[in-house]
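Here is the structure we will look at.
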Protein chains: 2
Amino acid sequence: MARNSQAARITKSRAGIRPRPGRTRSGNGSVHNDLMNDEIGLDALAGHAGYAVRRFQIWIFQDFIRTLAAVDIRPTQYSVMTVIGANPGLSQMAVAKRLGIERARLVHLLDSLEHRDLVSRIKSATDRRSHALHLTARGRTALAQFKRLAAEHERHVAEKIGKENRERLLQILSAFT
Amino acid sequence: MARNSQAARITKSRAGIRPRPGRTRSGNGSVHNDLMNDEIGLDALAGHAGYAVRRFQIWIFQDFIRTLAAVDIRPTQYSVMTVIGANPGLSQMAVAKRLGIERARLVHLLDSLEHRDLVSRIKSATDRRSHALHLTARGRTALAQFKRLAAEHERHVAEKIGKENRERLLQILSAFT
DNA sequence: TATTGTTATACTCTATAACTATA
DNA sequence: TATAGTTATAGAGTATAACAATA
């Protein structure tokens with residue numbers, strides 16, 4: 001699933017040119033006449049940050065999901081539990097705003113976490129419209145494990161792009177957190 | 001929709017602490033008791049590249065869609081047209097593999113571009129299973145305009161994160177293109 | 001009147017599976 | 001048997017709108 005992960009060299013020089021299809025041998029040994037992946041120029045795409053960011057985001061989420069597959073936690077669920085764990089008592093609106101999730105979607109996310117006894121909604125005494133969100137005892141224990149696995153995922157990221165590059169990236173994008 | 005765009009300061013020091021809700025005044029002047037966005041600590045999330053990358057990707061795609069709204073072209077449509085324009089005659093499989101799009105999804109993307117007379121499928125003479133993809137005359141003219149608008153979008157990115165940071169980002173993520 | 005949580009709808013995107021026509 | 005294109009389905013994720021309870 002991690003296509004192109006090793007294909008760092010981009011043949012920009014051939015962009016815009018119609019290369020003659022070379023008879024080549026692909027990874028699994030099959031013979032075909034198609035252009036190989038790294039023979040297909042990206043043209044203007046190579047200069048767009050959004051394209052690279054999208055490809056990277058897909059890779060990183062797939063690695064996160066794979067690394068936390070045993071505990072069945074996805075990136076958004078992890079982010080919700082982490083924020084509630086660090087700020088118990090938050091309302092659903094506050095969590096949704098902080099993480100940039102639609103409040104309508106957070107309803108379903110919390111339903112699933114509540115059914116798994118990881119999070120609980122407690123009626124607010126001061127504003128009876130809102131719920132104060134807390135981790136359950138089970139949720140606190142589980143989150144500690146999730147964080148260990150997420151740290152392992154983060155090491156995969158560092159291996160992939162380099163320790164220093166990862167830190168530079170975090171710094172460059174700090175305005176978006 | 002660009003929440004937190006200016007909120008560069010993160011109060012990591014308060015993460016894990018339950019701050020007393022301060023009576024504060026939000027941007028639109030309404031008074032409330034909730035934690036303000038930058039009072040809510042991200043805890044472990046602040047150290048995860050994936051979280052920042054996801055937030056950035058959302059911002060960048062929204063800006064792209066907004067900047068190209070007049071021509072009704074979305075990021076994926078742009079990437080498909082750009083690759084076909086630079087490599088005419090590619091098969092659907094080749095485009096799908098190169099861009100990391102499911103071949104099933106590319107079918108619908110091409111349907112819409114073909115209906116708008118921007119792309120055409122031409123039956124391959126050598127392999128009658130596959131289609132050779134080309135831009136139409138209208139597609140070539142349109143793509144030139146799309147590229148001008150996309151370059152404008154790219155300037156927005158440079159303004160947002162800084163010219164040098166944008167270039168560093170492209171370099172760091174070059175392995176994913 | 002406005003806000004919180006909720007329900008519902010629609011559209012995009014990702015991930016599969018299965019079908020057809022070719023190879 | 002395998003591959004290219006297609007159709008279909010299901011689940012995330014995004015974007016809205018509307019409603020009840022409450023402020």
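Only a single item in (1) within 11 Å of another protein chain (Cβ to nearest Cβ); (2) within 12 Å of DNA strand C (Cβ to nearest atom); (3) open to solvent by less than 20 Å² (accessible area, probe 1.4 Å) is not met by A:Gly89, and it is number (3). Figure legend. Inter-residue proximity from the range A:106-133: first residues among the basic types (Lys, Arg), second residues within 7 Å of DNA strand C (Cβ to nearest atom), beta-carbon distance below 7 Å, spacing 6+ or different chains. Indicated pairs: A:Arg121/A:Leu110; A:Arg121/A:His131; A:Lys123/A:His131. Where helices (runs of 4 or more DSSP H) fall entirely within the range A:48-166, those with at least 1 residues that are under 30 Å from B:Gln171 (Cβ atoms) and modelled with pLDDT of 95 or more are at A:49-67, A:75-86, A:92-99, A:137-161.
Of the numbered criteria (1) open to solvent by less than 60 Å² (accessible area, probe 1.4 Å); (2) modelled with pLDDT of 95 or more, the one A:Asn37 fails is (2).
Taking the range A:126-144 as the search range and keeping residues that are under 20 Å from A:Val71 (Cα atoms) and of a type in the set (Ser, Thr, Tyr), which one is least open to solvent (accessible area, probe 1.4 Å)? Only one residue fits best here, namely A:Thr136. Of A:Arg128, A:Arg138, all but one fail to be within 16 Å of DNA strand D (Cβ to nearest atom), more than 20 Å from the chain's Cα centre (by Cα) and in the same structural domain as A:Ile73 (by TED's automatic domain parsing); the exception is A:Arg128. The set of residues in the range B:48-75 that are within 7 Å of chain A (Cβ to nearest Cβ) and over 15 Å from A:Tyr51 (Cα atoms) comprises B:His48, B:Ala49, B:Gly50, B:Tyr51, B:Ala52. The residues in the range A:51-74 that are open to solvent by less than 10 Å² (accessible area, probe 1.4 Å) and within 15 Å of A:Leu143 (Cβ to Cβ) can be counted, and the count is 2. In the range A:149-173, of all residues being surrounded by fewer than 17 Cβ atoms within 10 Å (Cβ to Cβ) and more than 10 Å from every other protein chain (Cβ to nearest Cβ), the one that is nearest to DNA strand C (Cβ to nearest atom) corresponds to A:His156.
For B:Val80, the test of being open to solvent by less than 10 Å² (accessible area, probe 1.4 Å), under 26 Å from A:Trp59 (Cα atoms), assigned by TED's automatic domain parsing to the domain that holds B:Phe176 and within 11 Å of DNA strand D (Cβ to nearest atom) is failed. Among the residues making up the range A:109-125, those that are open to solvent by 10 Å² or more (accessible area, probe 1.4 Å) and either under 20 Å from A:Arg138 (Cβ atoms) or within 18 Å of the chain's Cα centre (by Cα) (or both) are A:Leu109, A:Asp111, A:Ser112, A:Glu114, A:His115, A:Arg116, A:Asp117, A:Ser120, A:Arg121, A:Ile122. Within the range B:92-125, if we keep just the residues that are of a type in the set (D, E, K, R) and more than 11 Å from DNA strand D (Cβ to nearest atom), the residue that is nearest to the other protein chains (Cβ to nearest Cβ) turns out to be B:Arg98.
The values are calculated or read from the model by the stated rules, or taken from the named source; none is laboratory data. Everything numeric here is computed off the predicted structure, so don't read it as measured data. Every residue, glycine as well, gets a Cβ built from its backbone with ideal geometry; the counts of neighbours run over all protein chains shown. When the accessible area is computed, the model is the full protein with side chains, heavy atoms only, and any ligands, DNA or RNA have been set aside. Shrake-Rupley method; radii C 1.70, N 1.55, O 1.52, S 1.80 Å.
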